Structures are given as structure tokens and as C-alpha cells.
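The values are calculated or read from the model by the stated rules, or taken from the named source; none is laboratory data. Keep in mind that what you see is a predicted model, and the values were worked out from it rather than measured.
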Amino acid sequence: MNQQNLSLAKILRELISTGFTVNEAARKLKLSKENIEAAITILLSHHYITKLENRSACDKCPLRDSCKLAADRSQVIYVITARGLRLINQVLGETS
């Protein structure tokens, strides 16, 4: 098993399970902010996550009034891809 894939899968699983800011993820995973940012760059480049570019869906979401991301449009939202889900399942043996 590739050590990088194992690390990426663990980070990805943690990030998608709770939602996060870079600072929250760094604290929770006991990694530096720079390591989390590097992991996000790698996850994006391997198409395990994608950046949500169109935030218009937030306007129609029934949870928008209680969602911290809907209120703060400066936050960047990343969404796991099917490829990312497969990585977690293959490397960690989980179904998401």
C-alpha cells in the first residue's frame, strides 16, 4: 500500500466527516496548517476533491439560515468526488 495514499485517505476521511477550516483540521489532525494546505493541493490535483465554484445552490438550500458557510461567502468549499470516495474505500476499507 502506498504510504502517501494512506495518509491522503486518512486526511480526506477526517476532512469530509466533519467539515472544517484549515485551522480546525490542523488542530484536529495534529498537523501544521501548511501540511493541511499541501494535502488539499494534492487532493485537488488527484481529483479526490473539487472546489465548489458556484455558490448559488446555497441560496436554495433549506439549511442556509443555520449554515456558517452560506453566511460567509469568503469561505472556500471543497466537495469530495467519487474518486475520493473510492480512495477511502480502497485504502481504508470503508464505505462512505
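Summary table
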{"read-out": "Single residue of segment 34-60 satisfying the filter (modelled with pLDDT of 80 or more and in a loop (DSSP other than H, G, I, E, B)) that is nearest to LEU15 (Cα to Cα)", "value": "TYR48"}
{"read-out": "ALA25 modelled with pLDDT under 80 and part of a helix (DSSP H, G or I)", "value": "no"}
{"read-out": "Check on ALA9, part of a helix (DSSP H, G or I), closer than 21 Å to LEU92 by Cα and either modelled with pLDDT of 80 or more or not hydroxyl-bearing (Ser, Thr, Tyr) (or both)", "value": "yes"}
